[in-house]
1. Rounded, prolate or oblate: pick one for the range B:215-292, where a ≥ b ≥ c are the square roots of the eigenvalues of its C-alpha gyration tensor, a/c under 1.5 means rounded, and failing that, prolate if a/b is larger than b/c, else oblate.
2. With no solvent and one equal point scatterer per Cα, compute the Debye intensity ratio I(q)/I(0) for the protein assembly as shown at 0.08 Å⁻¹ and report its log10, rounded to two decimals.
3. When the Kirkwood radius is taken over all Cα pairs of the range B:252-353, what Stokes-Einstein diffusion coefficient follows at 20 °C and 1.002 mPa s, in µm²/s?
4. Can you give the average number of partner chain beta-carbon atoms within 10 Å of each beta-carbon in peptide B:312-322, as a whole number?
5. In nanometres, what is the gap between the two model label sites at A:GLU340 and A:ASN40, each 7 Å from Cα along Cα-to-Cβ?
6. Given axes a ≥ b ≥ c from the Cα gyration tensor, I'd like to know whether chain B is rounded (a/c under 1.5), prolate (a/b larger than b/c) or oblate.
7. Run the quick spin-label model on B:ASN373 and A:ALA128: label points 7 Å from Cα toward the beta carbon, then report their separation in nm to one decimal.
8. To the nearest 20 debye, what charge dipole does chain B have about its Cα centre, counting +1 at the Cβ of each Lys and Arg and -1 at the Cβ of each Asp and Glu?
Amino acid sequence: MYMKENLITMKRLFFLALLSLTFACGDDEQPGGGNEPVDNFDRQEMLFNWADNFIIPGYTALAEKTNTLKEAGASFSETPDATNYTNLVSAWEDAYLHFQDVSMFEIGKAEELRLTNNLNIYPTDVDALNNNVLEGDYNLELPSQIATQGFPALDYLLFGIADGQDALIEFYQTDANADAYLQYLKALTLRIDSLIQAVLADWTDTYRDEFVNNTGNAATASVDKLVNDYIFYYERHLRAGKIGIPAGVFSGSALPQNVEGLYSKDKSKALLNRALDAVQAFFNGTHTTGNSNTESLKSYLDYLEIQKDGQNLSTIINNQFEAARTTASELDDNFSTQVENDNTKMLATYDQLQLNVVPLKVDMLQAFNINVDFVDADGD
Amino acid sequence: MQKAFLYLLILSCFFTACDDDDNMVVIDTPATYAFERDGSSTVSFSGQTTRIQMGEALISALKDFGESKERLLEMYANETADGSDANPFEDAALNASTKSIRSKVAASADYFAANTVDAARIKGDFTQWIEAQVDEVFPNQNELAEAGKAGQIADGTSVRYINASGLEYNQAVNKGLIGALMLDQMLNNYLSPAVLDAGENLANNDAGITEDEKAYTSMEHKWDEAYGYLYGTASDSANPNATLGADDSFLNKYLSRVEDDADFAGIATTVYDAFKKGRAAIVAGAYDIRDEQADIIREKLSEVIAIRAVYYLQQAKLAFENGSTGSAFHDLSEGYGFIYSLQFTRRPGSNTPYFTLEDVDNFIANLMDDGPNGFWDVEASTLDAIAETIAAEFDFTVAQAKE
């Protein structure tokens, strides 16, 4: 018996020795090999491009939409008729789509206000929402209220509270609590707009200069922080939130009620595609503002000549975005139906999105010498 | 060059592996933690399973704003304020039990048998945290927390409920129990010769005399009771590493967390193997080997507490840098409990913890006194200083523990 134990120990040590050999050899396969060029890339040019051609134009466009949403919310709560309903739905959809363009920029005021958590947490907690409406005594600034507000809560109020447009309008005209619901709906549109206006104002007043001048390569530098926010958004909100969670990747069983746009039914895919376009455009630095700056994550990788398996890393990443888009094109407009009828396509889309996590989060961050600043939560 | 080094390494492994052969005692260590006498299992630790379950019920109830102070305190003591029988648990089996959390908090033979002053103070700390949760945090359920004011704070999509200094009392209780209940009972009570060898235990174990109507000797049972505080809620308690981390919210969970850090991979196997070999040594009557294994367990599990304390201090620093105040406070609240638990650690080969009650009081005072509002004012340099001081007494660095 004693010898047996020694044998096991011996095997374990041998395994450890082998393991250390593996590690010793691992380094040679890093992208860029041993002769990486000195990193003289002009990070500030990239920051100019991000701030002036993506972030500020993105919030400016969104702020116009949320202003329209606020006005449509006021009109509908004043006169809940079919015309005002149609206007409100269209304003909501427009703003929700534009929100996909900026949700990845959770930095500065947006970070302080926890913008994405306040505007796009789904599924909505319908019981808590009803409780807010009927009690009338709620504080939407409380962290415990993130699932009772934002675009998903409006999705419920505009599509889920009754079945079909006629029944909905009738509800808001005749229900005993109609006025309380209308006031709540109006309060939600007001809050969405005020949060967005606050973020935009901060960018245009002071934060833009602070952002573009914080050019270093440290945990607190603009590039390091925004790239982390970008990858966090891609992993948690796009890959997991829009696809992985409803497909049951993290829970074992599918959760069709957890899709984005649950009640409007036909918006999930449009929201995903918009988000996918936004993250890829940001990666490539391609914009439509007419300004001349174009430096981007892609041009930075190309400047450093980062390759993987004999291919430019930037090409690998772009190809993978395309692969995800192609797979997602097979999905139904309504992801809830997709999960229930053929979840395999949801899982396949998740897989394609997942395949870009290592190139973005490991290979790219290593090339830029950026540390990941977020970790998986403890779960308690 | 690299190859030559590898051969040397392998060669040296062979030599190391063969060193032990001088030992004369044959220890029959089984593949899993399963021991039998005359066809019956001799392994038993139901009392430990019960206390872990009571702990789970308590930490869950601390986050339920409908709970009364009276019921929470009854969950802690499993009796009413005047000492009569209480039924605070949902689970009837827990209500029927005569055991309680409080009776085994700071209650080890080695540390507290002749130190009832500290034991009473520590038992009282938990009472105070439970009462403060109801008195300070519950009334502010729907208030935004700010410096000096209890209430809610966001931690990502989670909501944390903190006191005026930023502390989550439920975390202090949860992580504090890992030291005051689990670790203290294991390292300083059931793995101690003072308990293992008490009364006639040595002679009875040598002669194979079992307890009345039981299949186990007293010494075997004591060792199992130590085992039960770590693995007592495992779905397969003979092979608990298969589900390590999923079985409780206490030591099992955090041994798993440390195991998941590549710097410490293997620690779970080391602890489990030491439990098995020590138990097999008791069967073989090899008490020196038993005590060697106890020392391995003491060293490794003490390390788990210290690694997690350092980890949370460093995570909090990172979260502050990222502007995530709520995440930082949550890390500090968990860290607070692990720091508190340091006083129940045990230096192998000694009768002393790595840090005393007084050391722990000082750490916590430092953590809280950079300004008037505790965590709201704490400085990164304070977090680093405490982390460095802790790591310096152990065989790991702050850098190894921090991720």
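1. It is oblate, given that a/c is not under 1.5 and a/b is not larger than b/c.
2. -0.82
3. My calculation gives 143 µm²/s for D.
4. 2
5. 6.2
6. Oblate is the answer for chain B, as a/c is 1.5 or above yet b/c matches or exceeds a/b.
7. 2.4
8. The dipole of chain B has a size of about 320 debye.
No value in this document is a laboratory result; all are computed from the given coordinates. Given the structure is predicted, the values throughout are model-derived calculations rather than measurements. Cβ atoms come from the backbone with ideal geometry, glycine included; neighbour counts cover every protein chain shown.
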